Amino acid sequence: MTVAATSSMVDWLRESEKKEYGNFINGEWVKSSSGKTFPIYNSAKNNQLLGMFQDSVENDVNQAVEAANEAFKSWSKLPGPDRGAILFRLADLLEKNVEELAYMLSAEQGKTLAESKGEVYRAAKEARFCGGEAFRIEGSTLPGERSNVWSSTIRKPIGVIAAIAPWNFPVVTPVRKIAPALAYGCTVVYKPASVTPWTSVKLMELLAEAGVPNGVVNLVVGSGSKVGDPLVNHPLVKGISFTGSSNLGLEINQKAAGRLAKTQLELGGKNPAVVLDYTDPAAVAKQIVSAAFAASGQRCTSISRVIVVKEKREEITEALLQEMMKIKVGSAWESGATMGPLINKRHLDSVQEYIKVGLEEGARLRFGGEVLTEGEFSEGAFMKPALLDLVTPEMRVAKEEIFGPVLCVIEVENKTEALEVANNVEYGLAASIFTDKVSSAYQFAEDVEAGMVHINHGTASAAHAPFGGVKQSGAGAFSIGSSNVEFFTDLKVIYFEY
């Protein structure tokens, strides 16, 4: 059933065939050697089956890694411009299939159709950038210590990459890992999150259509213990690109270090928006609310703390309230919906527990927070976005990653204290400051402990700029942008005497 043949996402989902989907290994769709599958349901309509997926085991991982390792021998020798041309075709195909991918993404993950389409278009941009990078794998020529010795450096692909993606961005995150791997000549075994594997099937089809040879990209679906662990530990896997929780990232790093495999880790965040002074409080609130509640707050770069100087606290809180009232919670296909459900009931319970803890610690609930259960809301994990104030820096809601639609307001005396509070967490991914003073902006950018800094701007990244964090928010080379070369390639130095 094509998207063009239907009038809406609801119709398309109702009429689409409910299939069993295989792993994609060496260019073929195959069943797991476990003989087991598991179901995936619509996140906003939890009785609607989307498909059955493989409950894979270590043997499946071994087959995929061996296929990728064999394919590496020829793929790594293909000229960079030829690899880039394939990635350009992939970008075009992502845009051509945006409607179908958005339907699938919204169904399995829950985000609104506008957000899902935006994610697909962003994936196309990143694939296109990586296609260009394949033309620019640069080395250097160095003057020799002796007159008859010429020396240079070149970059060589490291080999098989384990790409492990989370459930919150099931299209752009795998593309963010696969596209640079292919650009630099690596091959991939990709493990999607077990709760969002559906769009990954379509990605494999588009990669094949774009001209990626058999074995260069492989898909293995399954749990972290049965698929993730053997993938991370496999001796033929030379690099692990992982996006997910900080705790799991630390475990992966420890395992990889034991055999000197490279890691690229995008982990958690507790991202501050420091508000010092401004001309238009409504404009500041619009930036913050957009960054806080996109993807229902289920982003590692979501703003979760508003750190505001005392004299501005009530004014900015009121502006945040007014902006949050514009959010319409609903299913992806609902007209005007701007925030979908959380990924599942278990995660909803976790977010609700944080709100409860915050209130017990002395925070005040200024807006929202309640679970929505009436009518169609009963079929998904829906809640109203929450705003907590009277939050102090030592509260759990101020220090721990909630990963949901909860925004905390923390009052401080001055910009010195604001910076201290911004840095007083174990994370360091993204940070925003809102100020009319250039000196304050530069000081904040210099001193805040974050991998990405946004001045008078929400925490939205660009498709060509490096993406990553410090402290417990990341390790290894930043992804996106030109920094990927540090992860996907090794440096080789060549001396030539003549």
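The values are calculated or read from the model by the stated rules, or taken from the named source; none is laboratory data. Quick caveat: nothing in here was measured; it's all calculated off a predicted structure. All Cβ positions, glycine included, derive from the backbone under ideal geometry; neighbour counts span all protein chains shown.
Side notes on the structure shown:
- Options Gln109, Gln63: the member that is buried (at least 18 other Cβ atoms within 10 Å of the Cβ), of a type in the set (S, T, N, Q) and out of contact with any Gly (no Cβ under 9 Å at 6 or more places or on another chain): Gln63
- The condition (being under 16 Å from the mean Cα position of the chain (by Cα), surrounded by fewer than 17 Cβ atoms within 10 Å (Cβ to Cβ) and over 30 Å from Lys77 (Cα atoms)) is satisfied by just one residue among Ala462, Ala445: Ala462.
- Residue in the stretch 195-204 that is of a type in the set (S, T, N, Q), modelled with pLDDT of 95 or more, in a loop (DSSP other than H, G, I, E, B) and in contact with a Lys or Arg (Cβ under 8 Å, 6 or more places away or on another chain) present: no
- Residue tally, condition part of a loop (DSSP other than H, G, I, E, B), out of contact with any strand residue (DSSP E or B) (no Cβ under 6 Å at 6 or more places or on another chain) and not β-branched (Val, Ile, Thr), over the stretch 277-304: 6
- Checked against (1) farther than 26 Å from Ala256 by Cβ; (2) surrounded by fewer than 24 Cβ atoms within 10 Å (Cβ to Cβ); (3) in contact (Cβ under 8 Å) with a residue 60 or more places away in the chain, Ile137 passes all but condition (1).
- If you go through the stretch 346-390 and keep only what is assigned to a helix (DSSP H, G or I) and either touching a residue at least 60 places away in the same chain (Cβ under 8 Å) or closer than 18 Å to Ser302 by Cα (or both), you end up with His347, Leu348, Ser350, Val351, Gln352, Tyr354, Ile355, Glu376, Glu379.
- Every residue from the stretch 267-293 that is of a type in the set (S, T, N, Q) and farther than 30 Å from Ile164 by Cβ: Thr279, Gln287
- Trp29 satisfies every condition listed in (1) among the aromatic types (Phe, Trp, Tyr); (2) part of a strand (DSSP E or B); (3) within 24 Å of the chain's Cα centre (by Cα) except (3).
- Among the criteria (1) part of a helix (DSSP H, G or I); (2) out of contact with any strand residue (DSSP E or B) (no Cβ under 7 Å at 6 or more places or on another chain), the one Gly249 does not fulfil is (2).
- Any hit, the stretch 148-156, residues being surrounded by fewer than 24 Cβ atoms within 10 Å (Cβ to Cβ), charged (D, E, K, R) and part of a strand (DSSP E or B): yes
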